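Visitor: A single structure is presented below for examination.
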Amino acid sequence: MANYVMEIGEVTKVKLHGHIDASIAPELMNELKPLIESKDEIKKLVFYADELEYIASAGIRSVVFAKQKLGAGVEVFLIGASPVILDVFKMTGIDKFLNIQDKFEG
Amino acid sequence: MLQNLTFQAKRENLPQMLAQIAAEISKYVKNEIWFNRLKLCAEEILVNIIDYSGSEKLYISCEFVESENALRFEFADEGTPYNPLENDTDIDIDAEMDARNIGGLGIFLYTTIMDKLDYNYKDGKNILTAIKFLSEGDEDGCAIK
């Protein structure tokens, strides 16, 4: 059963939650990989982060991987991230490639 | 103070290591962004040791140095002599997404966040020391306490 991917479709939804440290991040990557390889139908990829408490570079890499593989035609969203989580995305400069919103507005 | 906490150098032990380090940081760092940044640095350093040192064990120390008003972390392992600070630690955070290298983020983060980093190889151990000077609250983003 998927722990992170909630819905697959034109708008694909991924729920980031808890602590995504390097011991957990491979699980996220393993769920994202097949999803992204069958990317044809994905128009938007939405990462919900309202229940995400911590993310390390290993987790950030999964988001970078997704964005790189999906290409410019697919918009990637980060929704509901706390200031602490946003800080990590900003420090790595990844925030610039994401559509950051409090609530998903499409 | 954490003194030479010893762990098997395995990723599965990271949550335990981080819980102990976080408890120590939280005694001195009240600003939640800086609390998170320091925990993040500790993780990134530990992951490098776990993934690349070849050491079975690693050792963690963390203390508040009153004379310097600083938190001092020490990470040691018995792996191959290796100075992570000799790497090119810079990444271009303004680069286009396609040009972004998926590696190197961890070392970039801890070299950016920490004020002082020092590597030594002594008595068969790689020893990486990381220092963050603490400051009283202010608005410019470097508030710690």
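Visitor: Tally the residues that are closer than 19 Å to A:Val88 by Cα and in contact with a Gly (Cβ under 9 Å, 6 or more places away or on another chain), restricting the search to the range B:98-137.
Guide: Number of matching residues: 1.
Visitor: Scan the range B:87-95 and give yes if some residue there is open to solvent by less than 40 Å² (accessible area, probe 1.4 Å), free of Cβ contacts under 8 Å to residues at least 60 places away in the same chain, among the small types (Gly, Ala, Ser) and over 22 Å from A:Tyr54 (Cβ atoms), otherwise no.
Guide: Yes, because at least one residue in the range B:87-95 is open to solvent by less than 40 Å² (accessible area, probe 1.4 Å), free of Cβ contacts under 8 Å to residues at least 60 places away in the same chain, among the small types (Gly, Ala, Ser) and over 22 Å from A:Tyr54 (Cβ atoms).
Visitor: Here is a follow-up. What's the number of the condition A:Val88 fails, among (1) at the interface with another protein chain (Cβ under 8 Å from one of its Cβ atoms); (2) open to solvent by less than 40 Å² (accessible area, probe 1.4 Å); (3) more than 22 Å from B:Thr112 (Cα to Cα)?
Guide: (3)
Visitor: Going by the structure shown, is A:Lys96 in contact with a helix residue (DSSP H, G or I) (Cβ under 6 Å, 6 or more places away or on another chain) and within 9 Å of chain B (Cβ to nearest Cβ)?
Guide: Criteria not met by A:Lys96.
Visitor: Of all residues in the range B:96-145, which are within 12 Å of another protein chain (Cβ to nearest Cβ), at pLDDT 90 or above and open to solvent by less than 50 Å² (accessible area, probe 1.4 Å)?
Guide: Across the range B:96-145, the qualifying residues are B:Gly106, B:Ile107, B:Phe108, B:Leu109, B:Tyr110, B:Thr111, B:Ile113.
Visitor: Only one residue in A:Tyr48, A:Tyr54 is closer than 22 Å to A:Glu105 by Cα and at pLDDT 95 or above. Which one?
Guide: Sole residue among the options that is closer than 22 Å to A:Glu105 by Cα and at pLDDT 95 or above: A:Tyr48.
Visitor: Here is a follow-up. Of the conditions (1) at pLDDT 95 or above; (2) over 30 Å from A:Phe97 (Cβ atoms), B:Glu44 clears all except one; give me its number.
Guide: Checking B:Glu44 against (1) at pLDDT 95 or above; (2) over 30 Å from A:Phe97 (Cβ atoms), the one that fails is (2).
Visitor: Restrict the check to the range A:52-73 and report whether at least one residue is open to solvent by 20 Å² or more (accessible area, probe 1.4 Å), among the aliphatic types (A, V, I, L, M) and within 12 Å of the chain's Cα centre (by Cα).
Guide: No: zero hits.
Visitor: Considering only the range A:1-34, state which residues are assigned to a helix (DSSP H, G or I) and open to solvent by less than 10 Å² (accessible area, probe 1.4 Å).
Guide: A:Ala25, A:Leu28, A:Leu32
Visitor: Working only within the range B:14-54, note down all residues that are away from chain A (no Cβ under 14 Å), closer than 17 Å to B:Gly79 by Cβ and in contact (Cβ under 8 Å) with a residue 60 or more places away in the chain.
Guide: B:Ser53
Visitor: Can you pull out every residue in the range B:71-86 that is more than 12 Å from the chain's Cα centre (by Cα) and either buried (at least 17 other Cβ atoms within 10 Å of the Cβ) or within 14 Å of chain A (Cβ to nearest Cβ) (or both)?
Guide: Result: B:Asp77, B:Gly79, B:Tyr82.
The values are calculated or read from the model by the stated rules, or taken from the named source; none is laboratory data. What you see is a predicted model, and the numbers here were worked out from it, not measured in a lab. Here the Cβ is made from the backbone with ideal geometry for all residues, glycine too, and neighbour counts use every protein chain on show. Side chains included, ligands, DNA and RNA excluded: accessible areas come from the protein's heavy atoms. Shrake-Rupley method; radii C 1.70, N 1.55, O 1.52, S 1.80 Å.
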